[in-house]
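Heads up: the structure comes next, in structure tokens.
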Amino acid sequence: MNADTLRANLHPFPAQDIRTLVQAQAARRGDHPYLIWRPFDGKRQVWSYAQFENRVARFAAGLHARGVRAGDRVLVHLDNCPEAVFAWFGCAWMGAVAVTTNARSSADELRYFASHAQAVAGITQPRFAALVDAACPELCWLAVTATDNGEDAGPGRAAASDAFDAIDADPGLLAPRPHDPLAPFSVQYTSGTTSRPKGVCWTHANALWGARINATHQDLRPDDIHLVTLPLFHTNAQAYSMLAAMWAGATAVVQPRFSARRFWSVSLEERCTWASIVPFVTRALMAHEVPAHHYRLWGSGVCEPPTDAHFGVKTIGWWGMTETITHGTVGLAHLPNAPMSMGLPAPEYGIRVEVDGRAAEPGETGALLVRGVRGLSLFAEYLNNPQATADAFDERGYFRTGDRVRVGEDGWLYFADRDKDMLKVGGENVAASEIERVLIGVAGALEVAVVARRHPMLDEVPVAFVLTDAATAADAQAAAALAARARTQCERQLADFKRPVEIRVVDSLPRSTLEKIAKSELRRRLADESQA
């Protein structure tokens, strides 16, 4: 369904945008805390719904005063902090589009993000200011927060004219703008099977959909207190946590990042009742004593894992992507779920598991397809990439997720695997092709293959096989020099979590049909080595 068709039908968010939701909750829950900031260094801060509305509106007016106009894109390169939330909501409030980027991105990645998105301005923190300034010279201006997520920036503190806090003006100066649910809201760059990440475009309707449906799936209530430790540049924290809490009128407690040592103390002090987690979080917490707590639900990739008994909490399993905004499959909050499943098909989507063009039978594993409405329950498009957008959908309008799932005999769904060129590194999606693009430029590299090796804490880590000539591979010194050049290239162009943990220089690679590299064989070799 295209935008014209969507506009012709009755819309679930008629004449609404993110301002509508924030204003409604400020009027209804004005004194109730929406955002609580718990830095590792610095003071605890609280913004009520009314205070949050005022801060976001003033930030929006400040953007306008600096020349940003509706439709302009603003690079937001921040670790978790209150400013990340203000900037994300504030851009949308004035009609600009926040481009939220991974805080661990390299200079090369930032350069691409800013250029591809045609960002007009940027927002960052002292720790990243020099990096962003050098990598993104076409930005009209760059604003810098006062601290590094609560830590004193010292000599790196921004001048008053460049300070984030200077983006502040009277909201009454903002020009009137219609509440259009199909107006652009944000862009998130997500790893894909192409050589560069794709910019996933959300509309305001997507944001409102995420707020409403996530709150429903998660059974969020006005008295819930949602702990947010996952990164705010990502869909999980943005939609599953911040937007869902806003829709429910609940409270979000934001920390700079996950800390196993601080998790329980903050949870108890704030009386947290909800948290979205990833497997890394669970594994890290297993080493710590579990206190009597207030949590009633967690959300993660699988329903009711064995660790629920250890932590004394029920986990709702789910599956979703940046492109789906919310969960395409999800467990049940108040009824038993199939342990270790990814839940059942969410009623808001059309979910299909397909084997050779037919629907999968119970017990079979197939490709996961999702049907929804673009610009509402599915993303609007890939930024400046109409071919990738078209290729993402089949002829029936199903979105191709690239994931494979097994249909259980009881109808519950179980994650099987993903496109094998996509790695899951500590909760981060990493495309092997991104790493290969960097390594193939190294002198002496003839061909490159990157595959995943299992890791006890991070799920997977990348290992690179670099094909070179027989003479170089046989010469230990020459091979070591090639590996060193490859590591240096990765350090310059890739975020740390994307860098291979091992680079193997080889003179041959296993081949499959049509002389393609047999990555399955490389994965098997790594697995055999791990078991040896």
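Numbers for the structure displayed
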{"item": "Carbon/sulfur fraction of accessible area - the stretch 101-236, other protein chains in place, 1.4 Å, %", "result": "54"}
{"item": "Calculated from backbone phi, Karplus (6.51, -1.76, 1.60) coupling profile of the stretch 126-138 in Hz, x at Gly/Pro", "result": "x, 4, 10, 4, 5, 4, 5, 4, 6, 7, 10, x, 7"}
{"item": "Added length on full extension, which subtracts the Cα-Cα distance from 0.36 nm per residue, residue 10 to residue 446", "result": "151.4 nm"}
{"item": "FRET efficiency estimate (nearest 0.05) - Cβ-Cβ, residue 138 to residue 290, R0 35 angstrom", "result": "0.10"}
{"item": "Efficiency of FRET between residue 333 and residue 162 - r from beta-carbon atoms, R0 51 angstrom, step 0.05", "result": "0.65"}
{"item": "Label zone at residue 130 (point 7 Å along Cα-to-Cβ), backbone N below 17 Å, the stretch 155-194", "result": "155-159"}
{"item": "Inter-site label distance for residue 457 and residue 179 at 7 Å from Cα along Cβ, in nm", "result": "4.7"}
{"item": "Per-pair calculated FRET efficiency, R0 = 45 Å: residue 417 and residue 27 via Cβ, rounded to 0.05", "result": "0.40"}
{"item": "Accessible surface of the stretch 363-408 [probe 1.4 Å, protein heavy atoms]: carbon and sulfur percent", "result": "45"}
{"item": "Helix-only CD estimate at 222 nm, as mean residue ellipticity for the chain, using -39500 (n - 2.57) per DSSP H run (n ≥ 4)", "result": "-9000 deg cm²/dmol"}
{"item": "Sum of side-chain charges, residue 206 neighbourhood, beta-carbon under 14 Å (Lys, Arg +1; Asp, Glu -1)", "result": "-3"}
{"item": "Karplus-derived HN-Hα couplings along the stretch 44-59 (A = 6.51, B = -1.76, C = 1.60, θ = phi - 60°), whole Hz, x at Gly and Pro", "result": "5, 10, 9, 10, 6, 4, 5, 5, 5, 4, 5, 5, 5, 5, 5, 5"}
{"item": "Solvent-accessible ranking of 455, 327, largest area first, probe 1.4 Å", "result": "455, 327"}
{"item": "Partner lysines for residue 519 [C-alpha distance under 30 Å; skip if fewer than 8 residues away on the same chain]", "result": "198, 420, 424, 498"}
{"item": "Hypothetical label at residue 511: residues of the stretch 444-468 whose amide nitrogen lies under 15 Å (7 Å Cα-Cβ projection)", "result": "447-448, 467-468"}
{"item": "Length added when fully stretched, residue 152-residue 118, from 0.36 nm per residue minus Cα-Cα", "result": "9.1 nm"}
{"item": "Under Karplus coefficients 6.51, -1.76 and 1.60, residue-wise ³J(HN,Hα) of the stretch 200-217 in Hz, glycine/proline x", "result": "8, 9, 9, 9, 4, 5, 4, 5, 5, 4, x, 4, 6, 6, 4, 4, 5, 4"}
{"item": "Length added when fully stretched, residue 410-residue 384, from 0.36 nm per residue minus Cα-Cα", "result": "5.1 nm"}
{"item": "Average accessible area per residue (Å²) across the stretch 345-502 - probe 1.4 Å, nucleic acids and ligands excluded", "result": "44"}
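The values are calculated or read from the model by the stated rules, or taken from the named source; none is laboratory data. These figures come from a predicted structure and were not determined experimentally. Neighbour counts run over all protein chains shown; Cβ positions are idealised from the backbone, glycine included. Surface accessibility is based on the protein's heavy atoms, side chains included, excluding ligands, DNA and RNA. Shrake-Rupley method; radii C 1.70, N 1.55, O 1.52, S 1.80 Å.
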